[in-house]
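Novice: One structure coming up, written as structure tokens, with questions to follow.
The values are calculated or read from the model by the stated rules, or taken from the named source; none is laboratory data. Treat the numbers as computed from the prediction; the structure is a model and nothing was measured. Counting neighbours? That spans all protein chains shown, and the Cβs are built from the backbone with ideal geometry, glycine included. Areas reflect the complete protein model, heavy atoms only, side chains present, ligands, DNA and RNA absent. Shrake-Rupley method; radii C 1.70, N 1.55, O 1.52, S 1.80 Å.
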Amino acid sequence: MSLEVVVIGAGAAGLTVAIDLAKAGFAVTILEARDRIGGRMFTVVDPATKVPVELGAEFVHGKPPEIWDLIRAHDLKTREVEGEEWCYRNGQLNTCDFFSQVDEIFGPMNDHGPDQSFSDYLKQYCPNADREVKEWATGYVQGFHAADPDAVSVHSLVRSNRAEEEIEGDRSFHIDGGYAALLAVFEKQLAELGVKIHLNTSVEKITWNYRGVEIEAAGARTFSANRAVVTLPLGVLQTG
């Protein structure tokens, strides 16, 4: 099978690059190991209440143009998330002030002096901070930033916080119908552009030379292309 470009991975990055390449005139095929597209976007509908439940990405954080341009262009409805914050402590749910307390940790960080890891920053500048608050801040770095506190740069976190402020990142929104509504937009665009999607197609080997790329997938399937774009998460690639 000879193709111009093969995109490996049907998460947000893979779907977006496939659409952009197809609009530029390339013949594009997507290979996805799972039985669905979307990657971290995974909406299921509760059969009893008919309410969409997000098993992956849930909120639209702030107003990043990459998402909001699509939301506005396709008239997707959104609702801003409001209400009290609740935390699970000592086996019970209680109201809490999670973000303002974590801000006490993040607030003094800056990128003016020498860089250091977040863990070293906690030891040096927050030795007397409440243990639970430090655990929350560490969990936030691990969960929201998907970073190792012992390795992530404080300067990078500061720059990330600045970027978040520029898009009103302290506000959160739900898309009516969940992220599935956004995926439906992607699916429609891909179909209109003639992009083929092969689900349940796990890539096992990629061979590149001056003639192009050969991709071996499970089930003894082979795809040949001029180029390949790999959009898999780093953690997936590191598993070997």
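Novice: Here's a check for you: in the stretch 210-232, which residue that is open to solvent by less than 80 Å² (accessible area, probe 1.4 Å) and in a loop (DSSP other than H, G, I, E, B) is farthest from residue 40 (Cα to Cα)?
Specialist: Initial filter on the stretch 210-232 (open to solvent by less than 80 Å² (accessible area, probe 1.4 Å)): 212-213, 215-219, 222-226, 228-232.
Subset that is in a loop (DSSP other than H, G, I, E, B): 218-219, 231-232.
Values: 218: 22, 219: 25, 231: 13, 232: 11 Å.
Taking the candidates together, the pick is 219.
Novice: Report, by residue number, each residue of the stretch 74-108 that is in a strand (DSSP E or B) and either under 19 Å from residue 164 (Cβ atoms) or of a type in the set (Gly, Ala, Ser) (or both). Full working, then the answer.
Specialist: Let us first name the residues in the stretch 74-108 that are in a strand (DSSP E or B), namely 78-80, 86-89, 92-95.
Across the stretch 74-108, the qualifying residues are 78, 80.
Novice: Can you report the number of residues in the stretch 148-198 which are assigned to a helix (DSSP H, G or I), within 30 Å of residue 225 (Cβ to Cβ) and either in contact with a helix residue (DSSP H, G or I) (Cβ under 8 Å, 6 or more places away or on another chain) or not hydroxyl-bearing (Ser, Thr, Tyr) (or both)? Break it down stepwise before answering.
Specialist: Residues of the stretch 148-198 that are assigned to a helix (DSSP H, G or I), as a first pass: 154-166, 179-193.
Pick out the ones that are also within 30 Å of residue 225 (Cβ to Cβ) and you get 179-180, 182-193.
This time we only want the ones that are either in contact with a helix residue (DSSP H, G or I) (Cβ under 8 Å, 6 or more places away or on another chain) or not hydroxyl-bearing (Ser, Thr, Tyr) (or both), so: 180, 182-193.
Summing the residues that are assigned to a helix (DSSP H, G or I), within 30 Å of residue 225 (Cβ to Cβ) and either in contact with a helix residue (DSSP H, G or I) (Cβ under 8 Å, 6 or more places away or on another chain) or not hydroxyl-bearing (Ser, Thr, Tyr) (or both) in the stretch 148-198 gives 13.
Residue-by-condition table, conditions (1) closer than 18 Å to residue 181 by Cβ; (2) modelled with pLDDT of 95 or more:
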site	(1), (2)
7	no, yes
36	yes, yes
40	yes, no
45	yes, no
52	yes, no
57	yes, no
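Novice: Any idea which residue in the stretch 72-118 is farthest from residue 148 (Cα to Cα), counting only those that are open to solvent by 90 Å² or more (accessible area, probe 1.4 Å) and touching a Ser or Thr at 6+ places or on another chain (Cβ under 7 Å)? Talk me through it step by step, then tell me what you get.
Specialist: In the first step, residues of the stretch 72-118 are kept if they are open to solvent by 90 Å² or more (accessible area, probe 1.4 Å); the result is 72, 75, 77, 79, 82, 84, 86, 88, 90, 92-93, 99, 103-104, 112, 114.
Now narrow it down to the ones that are touching a Ser or Thr at 6+ places or on another chain (Cβ under 7 Å): 84, 86.
Working: 84: 29, 86: 25 Å.
Here the answer is 84.
Novice: For the stretch 157-168, indicate whether the set of residues that are over 20 Å from the mean Cα position of the chain (by Cα) and crowded, with 16+ Cβ neighbours inside 10 Å is non-empty. Walk me through how you get there before you give the answer.
Specialist: First, pick out the residues of the stretch 157-168 that are over 20 Å from the mean Cα position of the chain (by Cα): none.
No, the stretch 157-168 has no match at all.
Novice: Report, by residue number, each residue of the stretch 54-71 that is of a type in the set (A, V, I, L, M, F, W, C) and either open to solvent by 60 Å² or more (accessible area, probe 1.4 Å) or over 20 Å from residue 171 (Cα atoms) (or both).
Specialist: Narrowing the stretch 54-71 to residues of a type in the set (A, V, I, L, M, F, W, C): 55, 57, 59-60, 67-68, 70-71.
Residues satisfying the conditions are 55, 59.
Novice: Please pick out the residue among 201, 207, 138 that is among the polar types (S, T, N, Q), surrounded by 14 or more Cβ atoms within 10 Å (Cβ to Cβ) and either free of Cβ contacts under 8 Å to residues at least 40 places away in the same chain or not in a loop (DSSP other than H, G, I, E, B) (or both). Before you say what the answer is, go through the steps one by one.
Specialist: Values: 201 fails: either free of Cβ contacts under 8 Å to residues at least 40 places away in the same chain or not in a loop (DSSP other than H, G, I, E, B) (or both); 207 fails: surrounded by 14 or more Cβ atoms within 10 Å (Cβ to Cβ).
When all the criteria are applied, what remains is 138.
Per-residue answers, yes or no, for (1) outside any helix (DSSP H, G or I); (2) in contact with a Phe, Trp or Tyr (Cβ under 8 Å, 6 or more places away or on another chain):
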position: 10; (1), (2): yes, no
position: 14; (1), (2): no, no
position: 19; (1), (2): no, yes
position: 25; (1), (2): yes, no
position: 30; (1), (2): yes, no
position: 38; (1), (2): yes, yes
position: 44; (1), (2): yes, no
position: 49; (1), (2): yes, no
